[in-house]
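Visitor: Dumping the structure here so I can ask a few things about it.
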Amino acid sequence: MDGFMRGAGEFLLLLGAIYAVTVAIYFILGFGITWLNDRNPERRIQKNRRGEKRKRAEIRLSMASILVTCLSVSIGLFAQYKGWAWTPWSFSWWTAVPLFLLAMVLFDAWFYFAHRLLHTKPFYRFHLEHHRSVAPTVWSNDSIGLVDTALSQGFYAVIVFIVPFPPVILLANRLFDQINGTFGHAGFEYFASKTARHPSPMLCTTYHDQHHAEFKYNFANYFSFWDRVMGTISPVYDKRVETFEKEAPPLKLTLAKEMASQGRDASV
């Protein structure tokens, strides 16, 4: 009994630490990208829609769904710690990049097929809340139902029994996914380039924004590979990226009114 209680305490401590860090990152990214968006209104993808009005509801739901995500990560790490899963490969700086890329590829495959499942009739009720954000914002990334989260983020609890990733690789992938997902839901395009369209498998914010706006396309997370192979990529995605690439205004880091004020000060 003492061993069980000690193990439960260790698990809850791990879960609490991962949850606290993830929530902090959620708000840091949210406010940071909002700051950037406010200075670059011309980069808004859906010009005639505003998703910001759902901010409070999205944050409330995110606090619960982040807990489910962190539970999945904690299960995977705790299973490794207890020796219940495969003994992790030894980590070195020589293997960090290939292992991180492998984790990305496997997570992307998991996410694609879980996401497709969530769009089927029996499962869509679990995914519906996320699609209330037709024009997603930085607060939308984790605004998803609990079953939805368990299916899309369950990767971390399962993969340790299949591939012996070092814990640092799993944590790095989770951090990258949080950053990638927040930018992917930001509603403003900063990454349109040749690397984000055919024949490159990489993505930009327009990719997932189109999924929210058009519903039946662009299910992947990191790469366009599965959508291109399975025929679920938006037929206008590559063209939209090329248009943004050519027409995007210069990136601004100062508000227009601040710039005007600075201009008046300089003329005095």
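The values are calculated or read from the model by the stated rules, or taken from the named source; none is laboratory data. As the structure is a prediction and not an experimental result, all values here were calculated from the model. Note: ideal-geometry Cβ built from the backbone for every residue, glycine included; neighbour counts use all protein chains shown.
Visitor: Can you tell me how many residues within the stretch 213-231 are surrounded by fewer than 17 Cβ atoms within 10 Å (Cβ to Cβ) and either under 19 Å from the mean Cα position of the chain (by Cα) or in a loop (DSSP other than H, G, I, E, B) (or both)?
Guide: 5
Visitor: If you scan the stretch 173-189, which residues turn out to be crowded, with 21+ Cβ neighbours inside 10 Å and either at pLDDT below 95 or more than 23 Å from Glu245 (Cβ to Cβ) (or both)?
Guide: Within the stretch 173-189, Asn173, Arg174, Asp177 qualify.
Visitor: All but one of (1) of a type outside the set (Lys, Arg); (2) assigned to a helix (DSSP H, G or I); (3) more than 30 Å from Lys47 (Cα to Cα); (4) out of contact with any Gly (no Cβ under 6 Å at 6 or more places or on another chain) hold for Ala157, so report the exception by its number.
Guide: (4)
Visitor: Test Thr120 against the stated conditions and say whether it is among the hydroxyl-bearing types (Ser, Thr, Tyr) and either part of a helix (DSSP H, G or I) or surrounded by fewer than 18 Cβ atoms within 10 Å (Cβ to Cβ) (or both).
Guide: It is true that Thr120 is among the hydroxyl-bearing types (Ser, Thr, Tyr) and either part of a helix (DSSP H, G or I) or surrounded by fewer than 18 Cβ atoms within 10 Å (Cβ to Cβ) (or both).
Visitor: Further question on the same structure: Looking at Phe100, Phe31, Phe11, Phe78, which is the one that is aromatic (Phe, Trp, Tyr) and within 28 Å of Glu129 (Cα to Cα)?
Guide: Answer to the selection: Phe31.
Visitor: A further question follows. Specify the residue that is modelled with the lowest pLDDT; the eligible residues are those in the stretch 46-101 that are surrounded by 18 or more Cβ atoms within 10 Å (Cβ to Cβ) and charged (D, E, K, R).
Guide: Once the filter is applied, the top-ranked residue is Arg54.
Visitor: Can you pull out the residues in the stretch 111-169 that are of a type in the set (Lys, Arg) and more than 18 Å from the chain's Cα centre (by Cα)?
Guide: Lys121, Arg125
Visitor: Restricting attention to the stretch 142-153, and to residues there that are touching a Phe, Trp or Tyr at 6+ places or on another chain (Cβ under 8 Å), of a type outside the set (A, V, I, L, M) and closer than 23 Å to Leu14 by Cβ, which single residue is surrounded by the most Cβ atoms within 10 Å (Cβ to Cβ)?
Guide: Asp142
Visitor: Report, ordered by the first and then the second residue, all pairs with beta carbons closer than 7 Å, sequence separation of six or more or different chains, a first member in the stretch 207-221 that is closer than 11 Å to His119 by Cβ, and a second member that is of a type in the set (Ser, Thr, Tyr).
Guide: Close Cβ pairs satisfying both conditions: His211/Tyr217; Tyr217/Thr232; Tyr217/Ser234; Phe219/Tyr112; Phe219/Thr232.
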